[in-house]
Structure formats: structure tokens, C-alpha cells
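For reference, the structure discussed in these notes is given below.
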Amino acid sequence: MRIGIDLGGSKIELIALDEGGREALRRRIATPQGDYAGTVRAVATLVHAAERELGGRASVGIGTPGALSHVSGRIKNANSTCLNDRPLKQDLEAALGREVRVANDANCFALSEAVDGAGKGAAVVFGVILGTGVGGGIVVHGQVLTGPNAIAGEWGHNPLPLPGKADLPLPPCYCGRCGCIETYLSGPGLVRDSGAALQPPEIVARAAQGDARCAAALARYEERLARALAGVINLLDPDVIVLGGGMSNIDRLYARVPELWLPHVFSDRVATRLARHAHGDSSGVRGAAWLWYS
């Protein structure tokens, strides 16, 4: 049995998968806000309760915001700031009495979709989170690519390629830079660009109804996403790009973006597929469990 934990800013979710990848148990609790020690206790309590219910001991994988630093072994770059510079892996291993595997939540999403989701059978999968933030993960032949700096796939904090008049001035990003892909392609980025006090699903709905301002904002979003993903294709040449997060539920992206990325890809044809997630909001927690895939 494999247990996966999605350690989010507002909730901690657990899933248990059997050998065939079938869901045996799912539980969710609120994250202790800003309380690192309370978060470690909450994860340990959740795992122990699940194992009592399942009647056995399981492997444990954790998906977190941020990543484990290869220098300190502590969490870095997490927007759940109480985790930053904390020895999360070591503390969880002490609390659970076993080895724990920890990976970035976008890497977990990519792994889930590569193992038994929209990227199943593909050699190279690039998984994209388009939500409150923008992240990415890379899976090659079933293995998460982490990199020597633990930042492989951190696509959202590259500059948006080829900024034009419509992209200026470059918006500031929480990371301290300006013009990051995340500032344009996150949900809040679409809201900001539209100039409307609407959430992304409302912008999409109004665009479909003929609202000119919302339609223009959505068209800019698609063109920016195409430019940004073309850079990924030129560098990584993945078999499939799988979209996740709330913005991935915009149906028209899957037809429009592959048309729009063509002029920016350095090839006479583009065989890379753009696919919608197969497991939805469950992909991150499933991918945490699949950290013990091999």
C-alpha cells in the first residue's frame, strides 16, 4: 500500500493506493495555519489513523509547495512560508519512524499523469499547474527529474518570451522579479489583465457570450500560454504537455494553443500533444503516493 500526502496551504489531503493504483482510502483535514510543528503532527496523525483503518503499514510520499534544498536538506521556495528553511523530511521521518519521500507538488502532478494519467506511456511528460500560481514538473521514463538545484520544471519563474506592447509594463512577481510567466498565466494574472472584478470561470463564460473585454483577455492568455509552452517544447521536446490547476479547465485552450505555438517552435512540425489532466485535483496527492513507484 502506498500513501500520498498533498501538503497544501489550506488543506492536507491523504490518499492510499493499492498495488494496481486503485484508491483504497482518502482523507482531508485543514492545515494548521502558520504552525510548522502542528503541521508535522497533523501529517503524522493522519498517516497513523489511515494505517489503522487499512490494517497495515504503508510507504509515504509527500507533495509540498517548494522543494528540498540540495544544500541544506530543508524546504525552500514554498509559498506556505512556515515550511521554508525547515527540516520537513527529517521531522516527518522521525514522527513516522520510516523513510519518507518528499517532492514538489508540481512534480507530483506530473508523475501522477505520467504513471496512469493523460501522459501514460509517454517517454517525456511535462506537467503544468495553472492555478493561483504557475508551476511545472518533468517526468522522464517514469522518473521525476529534479536537477542539481532542485528546480527542474520551475517554468513559472522564467520571463514571458517576446513581450510586446500588450504585455507591458512587466508585472511584478512575489519572487522579486518582473514579467514572470506566473504573473500572466495564473488565475490572478488573467483577472488582472482583464481589468474586470470577475473570477476566471466568469471571464471565460462572458467571453463565450460575446463580452469584448473578456474575449480579448482570454485571447491574450491563450497567445501567451502558446509562447511560453513553445519555449518548453524547444528546450525539452516532450511527448505530451499535461495541464492541471483551475485554468486547465478552459476547454478552448486544447484546440487554440497548439495552433498558436506553431510559429514559435523550431521545427517543421510539432508532434507534442497538449492534454487535459486525467485525475483532476487528485493528481498531486496521487503523484505523492507514486513517489514510491520505483
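Points to keep in mind about this one:
- Test: residue in region 110-121 that is assigned to a loop (DSSP other than H, G, I, E, B), surrounded by fewer than 23 Cβ atoms within 10 Å (Cβ to Cβ), touching a residue at least 24 places away in the same chain (Cβ under 8 Å) and aliphatic (A, V, I, L, M): no
- Single match in ALA275, ALA212 (criterion: out of contact with any strand residue (DSSP E or B) (no Cβ under 6 Å at 6 or more places or on another chain) and either closer than 22 Å to LEU162 by Cα or not β-branched (Val, Ile, Thr) (or both)): ALA212
- Residue in region 216-236 that is under 27 Å from SER267 (Cα atoms), of a type in the set (S, T, N, Q) and in the same structural domain as PHE266 (by TED's automatic domain parsing) present: yes
- ARG286 being under 23 Å from ASP105 (Cβ atoms), modelled with pLDDT under 95, surrounded by 17 or more Cβ atoms within 10 Å (Cβ to Cβ) and charged (D, E, K, R): yes
- A search for C-beta distances below 8 Å between a residue of region 151-169 that is assigned by TED's automatic domain parsing to the domain that holds LEU229 and any residue that is of a type in the set (Lys, Arg), counting only pairs 6+ apart in sequence or on different chains, returns HIS157/ARG177; PRO159/ARG177; LEU160/ARG224; LEU160/ARG227; PRO161/ARG227; LEU162/ARG227; ALA166/ARG220; ASP167/ARG224.
- Scan of region 1-37 for residues that are assigned to a strand (DSSP E or B), of a type in the set (Val, Ile, Thr) and surrounded by 15 or more Cβ atoms within 10 Å (Cβ to Cβ), ordered by number: ILE3, ILE5, ILE12, ILE15
- Tally, over region 80-109, of residues that are under 13 Å from the mean Cα position of the chain (by Cα) and outside any helix (DSSP H, G or I): 2
- Members of region 210-247 that are touching an Asp or Glu at 6+ places or on another chain (Cβ under 8 Å), at pLDDT 95 or above and not in a helix (DSSP H, G or I): VAL242
- On inspection, VAL71 qualifies as surrounded by fewer than 20 Cβ atoms within 10 Å (Cβ to Cβ), modelled with pLDDT under 95 and among the aliphatic types (A, V, I, L, M).
- Residue check for VAL71: over 22 Å from GLY287 (Cβ atoms) and either out of contact with any helix residue (DSSP H, G or I) (no Cβ under 6 Å at 6 or more places or on another chain) or not assigned by TED's automatic domain parsing to the domain that holds GLY246 (or both): yes
- The criterion of being over 16 Å from ILE233 (Cβ atoms), surrounded by 15 or more Cβ atoms within 10 Å (Cβ to Cβ) and either of a type outside the set (Ser, Thr, Tyr) or not assigned by TED's automatic domain parsing to the domain that holds ARG192 (or both) does not hold for PRO172.
- Residue under evaluation PRO238, criteria (1) crowded, with 22+ Cβ neighbours inside 10 Å; (2) of a type outside the set (A, V, I, L, M, F, W, C); (3) in contact with a Gly (Cβ under 7 Å, 6 or more places away or on another chain), criterion not met: (3)
- Residue check for GLY97: out of contact with any Pro (no Cβ under 7 Å at 6 or more places or on another chain), surrounded by 17 or more Cβ atoms within 10 Å (Cβ to Cβ) and farther than 26 Å from VAL232 by Cα: no
- Among the residues making up region 58-86, those that are touching a residue at least 40 places away in the same chain (Cβ under 8 Å) and of a type in the set (D, E, K, R) are LYS76, ARG86.
- Subset of region 69-97 (residues that are closer than 18 Å to ILE12 by Cβ and in contact with a strand residue (DSSP E or B) (Cβ under 8 Å, 6 or more places away or on another chain)): ILE75, ALA78, SER80, LEU83, ASN84, ARG86, LEU88, LYS89, LEU92, LEU96
The values are calculated or read from the model by the stated rules, or taken from the named source; none is laboratory data. All values reported here derive from a predicted model rather than from experimental measurement. Note that we place each Cβ from the backbone using ideal geometry, even for glycine, and neighbour counts take in every protein chain shown.
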